[in-house]
Amino acid sequence: MEYRPLGRTGTAVSTLCLGAMTFGKESDEKLSHAQLDRFVERGGNFIDTADVYSQGISEEIIGRWLAARPGVRDQLVLATKGRFPMGVGPNDHGLSRTHLTRALEASLHRLGVEAIDLYQAHAWDPITPIEETLRFYDDAVRDGKIRYAGVSNFIGWQLQKAATLTELRELTPIVTLQPQYNLITRDIEFELADVCRNEGIGILPWSPLAGGWLTGKYRRDEVPTGSSRLGEDPERGMEAYAPRNAQERTWRIVDTVRQVAEGRGVSMAQVALAWVADRPQVTSVILGARTLEQLDDNLGAAGLHLSESETARLDEASAPAVADYPYGGPGVEQRSRRF
């Protein structure tokens with residue numbers, strides 16, 4: 001396992017992060033604990049969850065795992081998130097000081113810890129002024145309840161506004177962004193990646209395997225079946241599957257990943273993870289395994305680095321369509337998609 005600084009901090013995290021969204025839903029407690037054990041055994045030290053995952057059950061599962069393993073907590077960097085509804089009341093969601101105060105206390109209790117290393121806004125809140133959220137983070141750091149602040153699912157102007165305000169008001173900085181990022185979904189390269197580079201913000205990609213597409217388990221024009229997220233939930237499956245299945249770009253990417261994997265003698269998932277892990281500004285890639293076998297395969301990407309030619313092939317196959325002005329078109333300087 002390799003390690004990198006968490007954004008512009010001095011805290012080191014493993015380049016692969018264990019995501020706990022499946023805990024309490026697709027993975028029961030026994031399996032979740034087994035995944036946590038395996039991840040730590042392989043050198044992983046970065047775990048990401050959220051209060052909304054299984055409505056707090058994911059955090060509780062991690063909390064009981066930590067309680068049964070004295071001393072492990074000090075070796076880990078623990079991240080969670082707040083924003084989405086945890087109740088039916090008008091203040092049971094959002095990024096207000098009222099909600100986040102309650103959400104943070106509840107997360108600390110469920111996890112059984114005194115402080116959370118990385119506390120993240122799970123998404124933008126159009127109601128709450130972002131400065132209110134940032135001041136809450138600053139107070140929480142001063143109170144010793146969180147160590148760093150991050151955000152998830154922000155778009156370009158939202159992230160830049162947050163970063164600028166922390167500098168102007170001398171508040172706790174935003175150190176990470178958690179966006180969807182993979183070979184199929186590269187939209188963050190239009191603006192978000194530039195903001196992260198300019199502000200020293202680390203990128204924590206979620207869905208690095210594009211919901212399983214980059215593992216090679218789906219076939220062109222075949223309705224997903226069996227043990228997969230799309231196969232087990234036909235309604236959600238077809239809503240997500242049909243648009244991607246219809247795009248020639250999807251299959252060009254999948255075929256290229258398969259070719260690189262065969263040439264390397266590794267799995268397609270490992271190639272896809274290695275590609276995103278070595279993108280500029282990426283700190284750690286969030287794994288979302290449903291089984292130990294999937295986790296073991298994903299962990300095989302630790303320390304795997306693609307050659308320049310392999311990376312170039314994948315870059316070319318997955319190049320996102322450049323929109324017209326202001327990103328491209330006549331009279332507009334074309335920016336490198338490698339940022």
Quiz item: What number of residues within region 250-273 satisfy the criterion of being without any contact (Cβ under 8 Å) to a residue 60 or more places away in the chain, open to solvent by less than 10 Å² (accessible area, probe 1.4 Å) and either under 20 Å from E41 (Cα atoms) or part of a strand (DSSP E or B) (or both)?
Solution: 0
Quiz item: Only one of (1) open to solvent by 10 Å² or more (accessible area, probe 1.4 Å); (2) farther than 17 Å from R147 by Cα; (3) touching a residue at least 24 places away in the same chain (Cβ under 8 Å) fails for K30. Which number is that?
Solution: (3)
Quiz item: Out of all the residues in region 269-295, which are in contact with a helix residue (DSSP H, G or I) (Cβ under 9 Å, 6 or more places away or on another chain) and more than 25 Å from G202 (Cα to Cα)?
Solution: R290, T291, L292, Q294
Quiz item: Looking only at region 159-189, which residues are open to solvent by 10 Å² or more (accessible area, probe 1.4 Å), closer than 15 Å to A319 by Cβ and in contact with a Lys or Arg (Cβ under 9 Å, 6 or more places away or on another chain)?
Solution: I184
Quiz item: Taking into account only those residues within region 295-322 that are in contact (Cβ under 8 Å) with a residue 12 or more places away in the chain and of a type in the set (S, T, N, Q), which is surrounded by the most Cβ atoms within 10 Å (Cβ to Cβ)?
Solution: N298
Self-check item: Positions within region 108-143 being assigned to a loop (DSSP other than H, G, I, E, B) and closer than 26 Å to I286 by Cα, in sequence order
Solution: G112, V113, E114, A115, H122, A123, W124, D125
Quiz item: Can you tell which of D138, D125, D143, D117 is modelled with pLDDT of 95 or more and under 18 Å from T49 (Cα atoms)?
Solution: D117
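Given the structure, is L192 open to solvent by 10 Å² or more (accessible area, probe 1.4 Å), farther than 25 Å from Y53 by Cβ and at pLDDT 95 or above? So that I can check it myself, show each step before the final result.
On the way: open to solvent by 10 Å² or more (accessible area, probe 1.4 Å): yes; farther than 25 Å from Y53 by Cβ: no; at pLDDT 95 or above: yes.
For L192, the condition - open to solvent by 10 Å² or more (accessible area, probe 1.4 Å), farther than 25 Å from Y53 by Cβ and at pLDDT 95 or above - is not met.
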Exercise. For region 38-62, enumerate the residues that are in a helix (DSSP H, G or I), in contact (Cβ under 8 Å) with a residue 24 or more places away in the chain and open to solvent by 10 Å² or more (accessible area, probe 1.4 Å).
Key: R38, V40, Y53, S54, Q55, I57, E60
Exercise. Hey, can you tell me all the residues within region 200-240 that are open to solvent by 40 Å² or more (accessible area, probe 1.4 Å), at pLDDT 90 or above and either among the acidic types (D, E) or assigned to a helix (DSSP H, G or I) (or both)?
Key: T215
Quiz item: Name the pairs: first residue in region 110-123 and within 7 Å of A79 (Cβ to Cβ), second residue basic (K, R) and open to solvent by 10 Å² or more (accessible area, probe 1.4 Å), Cβ to Cβ under 6 Å, at least 6 apart or on different chains?
Solution: D117/R147
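Of everything in region 139-157 that's over 19 Å from L111 (Cβ atoms) and touching a strand residue (DSSP E or B) at 6+ places or on another chain (Cβ under 8 Å), which residue is most open to solvent (accessible area, probe 1.4 Å)?
From region 139-157, those over 19 Å from L111 (Cβ atoms) are 139, 142, 151, 153-157; that's our starting set.
Cutting the leftovers down to touching a strand residue (DSSP E or B) at 6+ places or on another chain (Cβ under 8 Å) gives us 151, 153-154.
On the way: V151: 3, N153: 65, F154: 6 Å².
The qualifying residue most open to solvent (accessible area, probe 1.4 Å) is N153.
In this structure, does Y119 turn out to be on the phi < 0 side of the Ramachandran plot, open to solvent by 10 Å² or more (accessible area, probe 1.4 Å), touching a Ser or Thr at 6+ places or on another chain (Cβ under 9 Å) and not β-branched (V, I, T)?
Working: on the phi < 0 side of the Ramachandran plot: yes; open to solvent by 10 Å² or more (accessible area, probe 1.4 Å): no; touching a Ser or Thr at 6+ places or on another chain (Cβ under 9 Å): yes; not β-branched (V, I, T): yes.
Taking the combined requirement at face value, the residue does not satisfy it.
Of all residues in region 180-198, which are assigned to a helix (DSSP H, G or I), farther than 17 Å from Q120 by Cα and without any contact (Cβ under 8 Å) to a residue 40 or more places away in the chain?
Our first condition is that a residue be assigned to a helix (DSSP H, G or I); within region 180-198, this holds for 187-189, 192-198.
Narrowing the set further to residues that are farther than 17 Å from Q120 by Cα leaves 187-189, 193-195, 197-198.
Those that are assigned to a helix (DSSP H, G or I), farther than 17 Å from Q120 by Cα and without any contact (Cβ under 8 Å) to a residue 40 or more places away in the chain: I188, V195, N198.
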Self-check item: Total residues in region 144-176, condition closer than 19 Å to R83 by Cα and part of a loop (DSSP other than H, G, I, E, B)
Solution: 6
Exercise. Examine region 201-213 for a residue that is over 20 Å from C17 (Cβ atoms) and free of Cβ contacts under 8 Å to residues at least 40 places away in the same chain, and state whether such a residue exists.
Key: no
Exercise. Quick one: count up the residues across region 73-115 that are touching an Asp or Glu at 6+ places or on another chain (Cβ under 6 Å), open to solvent by 30 Å² or more (accessible area, probe 1.4 Å) and either hydroxyl-bearing (S, T, Y) or at positive phi (or both).
Key: 0
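The values are calculated or read from the model by the stated rules, or taken from the named source; none is laboratory data. A quick note: this is a predicted structure, and the numbers were derived from the prediction, not measured. We place every Cβ from the backbone using ideal geometry, glycine too, and count neighbours over all the protein chains shown. Only protein heavy atoms, including side chains, enter the accessible area calculation; ligands, DNA and RNA are left aside. Shrake-Rupley method; radii C 1.70, N 1.55, O 1.52, S 1.80 Å.
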